[in-house]
Amino acid sequence: MIKELFTNDYGPDGFRTCSVTGMRIDRTAENFVKIFGLTAVVALVMGGISAILVVLTRWEVVGLLPPDAFYNWLSVHAWNLLIFWMVFMEVAILYVGGPMVLGRKLPAPKLAMVGYVLMLVSAIGINWSIMTTSAPDQAPLLTSYAPLPSSEWFYLSAIVFILGTVIAALPFFAAIWQEKIEHPNRSLPLVAFGAFITAIIAVEALLGGLITYIPTYMWRIGLIEHIDAAWYRQMYWIIGHGSQQINLAAMVTVWYFLTHVVGGAEVVSEKVSRSAFILYLFFINMGAAHHLMADPALAASWKVWNTSYAAYGAVLASMIHAFAIPAGLEAGRRKRGAGKSLFGWLWSAPWGNPVFSAVIFSIILFGFMGGITGVLMGQMQLNLAWHNTWATVGHFHATVVLGTTMTFMGLVFFVIQTMFKKELIMAPLARIQPWFYSGFMALATLMMMYLGILYGIPRRHASVMDIPGTDFNFGAAEPLFVIFGIAALLAIVGGILFAGISVGSLLFGKKLEPSSVFRPAASWTGDGSAVHLQSMRGTFTFTLIFLAVFVIAYILNWYLLSRLWEIG
Amino acid sequence: MSSPIHSPQGNWWIAGVSVLEKTWIRISVVWCLILFASMIVWASYGKQNQHGPTYRVSTSEYIQKVQDFKKAGTQTEEGIIPADEHIYVAAARFSFDGFPVVLKAGKQYQVHMSSYDVQHGLSIRPEHALSKQMSLQLLPGYEWVLPMKFDEPGVYHVVCNEFCGVGHSTMHGSFIVQR
């Protein structure tokens, strides 16, 4: 049965042609995409199990775990979902965006294998070292902030994971290299270009990780006597936030890919979309600086310049994609007569297909909730009210869960149907899964933001309803905790639904001819008119609504800050 | 068809761009400039700016400074009334040192902050309005001095909101602001 998952009808040259995308797919590349993707789903399940324990502890009506177990499981939650689920998926995305889109063989498959084994072993090592944490070591959470010590095996495993990921990315770079040698004057397809930018941002982040974790490991085993907390923070966030920028760039690349193959989107301007990716390349790494806004040891000018991401280059890039991607869908569909009215192109889209709905919800929720809050907390002074509150956790659940995880869930459903060629089981449930999951996750996320900003609920606390030695507690926030708890548990049900449908389809799904579910991309031909001349007034309306929400949230946050006592 | 999975044909750099897309990009550029400018404007005219000098300090030196501060001040039932406008507080696993401090409303103080061991958070809010809260990061080896002026009397509770170990959520301190 396992062997069957890795078979497809390849020709004698080892390639097959995908009936949906029309891509020429190499057997080795496809098998590695499957292996990395499946491993990612295992990490997602592990992270999901820890989510149940974390939610039931923070919702203190239940108050499930004692503090030491809570911090261990919170660390497991962070590493499996923010790192392993994402990074294994991202290597798979690189192999799709490189070799597959370009119709090439996967170069150096042995390197891919070495990378995979190192990543897998170290991911297990990190989970094991977290679960066996004992004094004086503490749970690392995501940040492992020195000089608070964690297990030496944790740091060592983190180094190996980083090295493994760099090695796994090398075949992708080799494919791009070979393509440019063979076709020096041919531009990369946009998806390959986006994957290329993602990979560069990834390598930057990963090198930052080595700069952080190698000295920290040496400190932990006693080779270095002292580790400076401010130095650690500055270095750590190169990978700590940098790894989330990989998620962002990979997600945007997948948005271009899936809106095209599932919804018939086109690229309305290669120049604009590629320029936005270039802006990411130069500016997005400075987004990491927003973690240091409430720090000593850094000058205000350093903070202002870096949080500005050098004049908001990366924010501008995201706002450009926020127009370009829905506009591509609108123009592409209008060109083929799908919907004449303001939003007709959208209502007529394949909403019953979970791949499509997952992607659209992730675009909307990432933008409205994740993007806006990211800018708010990245403003130097506003950060005073956001720093280390639960609202910060709300922000990254909006970006990484509502955005990236939703997108990757859609991608997994797509891969199950097009690469594994399996029908999704429990079709009606599969259809509502993105609605159910994103709806309740959005509500839980909103509650985290409210609880953080309006009640100052701290993040990373096992309990806030009882602080020993004082009458003070956060009991006033209890009603919102109830909404959070219920919404989060229902979101987890949505996650279980995803895992159940995915694994169940692989094991028990009927054999499927993908073009019976997805319209083959080759059939998306229109009236031949230029795409940029199509009306984009629906998208423009959406982006104006987005801007209005952005401005209102911005003004409200400054108003809240202005009511505080004087500082500085 | 301009597909994201095929190489674009011809010179795509000179291909037309939709008027609405250009308009949106212009709006976005202006908005980003406003975002950038507002931090600088607030740094000049706003009253909440986390600016203040940082000094390198060893843990033993800083412990001494907090001890001197407590000795120089007046011990009351409510807390320490500082001798001058300088206040020294510190975080350690799992308690705050230098608290509770009794302050006068409307008077500006120089708050010195540091940690004795690992990274901590200093998260402050008045009891009567939990939404009026702010957080600062405390690092061992660094003494950060920030001027603060509390206009509203009340009890301002301090909790640690940076994970510092299993007992982290039990840390508590307070500023008692009186008329």
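The values are calculated or read from the model by the stated rules, or taken from the named source; none is laboratory data. Quantities reported herein were computed from a predicted structural model and do not represent experimental measurements. Using ideal geometry, Cβ is built from the backbone for each residue, glycine included, and neighbour counts are taken over all protein chains shown. To get the accessible areas, we keep the full protein, side chains included, count just its heavy atoms, and leave off ligands, DNA and RNA. Shrake-Rupley method; radii C 1.70, N 1.55, O 1.52, S 1.80 Å.
Rounded to a whole number, what % of the accessible area of chain B do carbon and sulfur atoms account for, probe 1.4 Å? With neighbouring chains kept in place, the figure for chain B is 56 percent. Protection proxy ranking of A:225-234, A:544-553, by the mean of other Cβ atoms within 10 Å over each peptide's residues and highest first, is A:225-234, A:544-553. The distance between label points at A:Ala522 and A:Thr470 comes to 6.9 nm (points 7 Å beyond Cα on the Cα→Cβ vector). Computed about its Cα centre, the charge dipole of chain A is approximately 1660 debye, with only Lys, Arg, Asp and Glu carrying charge at their Cβ.
Name the most mobile residue of B:His168, B:His128, B:His112, meaning the one with the largest mean-square fluctuation, in a Gaussian network model of chain B with Cα contacts below 10 Å. Maximum among the listed residues: B:His128.
Excluding A:Leu148 itself, what net charge comes from residues whose Cβ is under 15 Å from its Cβ, given Lys and Arg +1 and Asp and Glu -1? Net charge around A:Leu148: -2. Compared with the dominant principal axis of the Cα atoms in chain A, helix A:109-131 is inclined by about 30°. Applying the Karplus relation 6.51 cos²θ - 1.76 cosθ + 1.60 with θ = phi - 60° to segment B:94-106 yields 3J(HN,Hα) values of 10, 7, 9, 10, x, 9, x, 10, 9, 10, 9, 5, x Hz, where x marks Gly and Pro. With a simple spin-label model that places each label point 7 Å from the Cα along the Cα-to-Cβ direction, the separation between A:Ser275 and B:Asp84 comes to 5.7 nm. Mean sequence separation of contacting Cα pairs (under 8 Å, at least six apart), scaled by the length of segment A:1-125, corresponds to a relative contact order of 33 percent. Where only DSSP H runs of four or more residues are counted, chain A gives -21000 deg cm²/dmol as its mean residue ellipticity at 222 nm, each run worth -39500 (n - 2.57). Interface residues of segment A:505-538, defined as a loss of at least 40 Å² in heavy-atom accessible area between the chain alone and the complex of all protein chains with a 1.4 Å probe, are A:His532.
If R0 is taken as 51 Å, the Cβ-Cβ distance between A:Leu64 and A:Met1 corresponds to a FRET efficiency of 0.90. Only the Cβ atoms of Lys and Arg (+1) and of Asp and Glu (-1) were treated as charged; on that basis the dipole of segment B:35-179 about its Cα centre amounts to roughly 240 debye. Only Cα pairs under 8 Å and 6+ residues apart enter the sum, and on that basis the relative contact order of chain A stands at 16 percent. As a length-normalised measure over Cα pairs under 8 Å and 6 or more apart, the relative contact order of chain B settles at 21 percent.
In this simple spin-label approximation, B:Tyr55 and A:Ile552 carry label points 7 Å from Cα along the Cα→Cβ vector, and these lie 4.9 nm apart. Checking the Cα-Cα distances for A:Lys271/A:Lys340; A:Lys3/A:Lys110; A:Lys340/A:Lys422; A:Lys3/A:Lys510 against a 23 Å cut-off, the pairs over it are A:Lys271/A:Lys340; A:Lys340/A:Lys422.
At a Förster radius of 41 Å, what calculated FRET efficiency corresponds to the Cβ-Cβ distance of B:His128 and B:Val29, to the nearest 0.05? The pair B:His128/B:Val29 has a calculated efficiency of 0.45. Interface residues of segment B:138-152, defined as those with an accessible-area decrease of at least 30 Å² between the chain by itself and the complete set of protein chains (probe 1.4 Å), are B:Leu139, B:Tyr142, B:Trp144, B:Pro147, B:Lys149.
Relative to the current alpha-carbon distance between A:Arg16 and A:Leu560, full extension at 0.36 nm per residue lengthens the span by 190.0 nm. On association of chains A and B, roughly 8600 Å² of accessible area becomes buried (total for both chains; probe 1.4 Å).
Any chance you could give the angle, 0 to 90 degrees and rounded to 10, that helix A:242-263 forms with the longest Cα principal axis of chain A? Computed tilt is about 30 degrees. Derived scalar couplings between HN and Hα for segment A:89-96 equal 4, 5, 5, 4, 5, 4, 6, 6 Hz in order, rounded to whole Hz, by the Karplus curve 6.51 cos²θ - 1.76 cosθ + 1.60 (θ = phi - 60°), x for Gly and Pro. Between the C-alpha center of segment A:299-357 and that of segment A:493-568 there is a gap of 8 Å. With the charge dipole of the protein assembly as shown set up from +1 on Lys and Arg Cβ and -1 on Asp and Glu Cβ about the Cα centre, the Cα lying farthest toward the positive end among the listed residues A:Thr418, A:Ala358, B:Val118 is that of A:Thr418. For segment A:320-342, a drop of 50 Å² or more in accessible area on going from the chain alone to the assembled protein chains (1.4 Å probe) is found at A:Phe323.
The A:Ser134 and A:Trp231 beta-carbon pair, evaluated with R₀ = 30 Å, returns a calculated FRET efficiency of approximately 0.65. If a spin label sat at a point 7 angstrom from the Cα of A:Ser341 along the line to its beta carbon, the backbone N atoms of segment A:516-558 nearer than 20 Å would be those of A:535-545. A:Lys180 sits among other residues whose Cβ lies under 12 Å from its own Cβ, and their net charge, with Lys and Arg +1 and Asp and Glu -1, is 0. Largest accessible area first, the listed residues A:Ser318, B:Ser135 line up as A:Ser318, B:Ser135 when surface is computed with a 1.4 Å probe on the assembled protein chains. Residues considered: B:Ile63, B:Ile27, B:Ile40. Largest GNM mean-square fluctuation over chain B, using C-alpha springs under 10 Å, is found at B:Ile27.
For segment A:297-418, the share of accessible area belonging to carbon and sulfur comes to 75 percent (1.4 Å probe, ligands and nucleic acids excluded).
Proximity of backbone amide H atoms, modeled 1.01 Å from N, is registered between B:Gln48 and A:Ile567 at under 5 Å, excluding neighbours fewer than 5 places apart on the same chain. Split the accessible area of segment A:11-160 by element, probe 1.4 Å, and carbon with sulfur accounts for 74%. Placing a label point 7 Å from the Cα of A:Ile496 along the Cα-to-Cβ line, the residues of segment A:49-67 whose backbone N sits under 13 Å from it are A:49-53. Got a sec? Charge dipole of segment A:145-302, +1 on Cβ for Lys and Arg, -1 for Asp and Glu; which of A:Ala158, A:Ala288, A:Tyr256 is way out at the positive end? Projecting each Cα onto the dipole axis, the largest value belongs to A:Tyr256. Expressed as an acute angle from 0 to 90° and rounded to the nearest 10, what is the orientation of the C-alpha long axis of helix B:59-72 relative to the principal long axis of chain B? Result, in degrees: 50.
For the protein assembly as shown, the solvent-accessible area of protein heavy atoms averages 35 Å² per residue (probe radius 1.4 Å; ligands and nucleic acids excluded). In segment A:509-568, taking the dipole from charged Cβ atoms about the Cα centre, the farthest positive-side position among A:Val517, A:Phe546, A:His532 is held by A:Val517.
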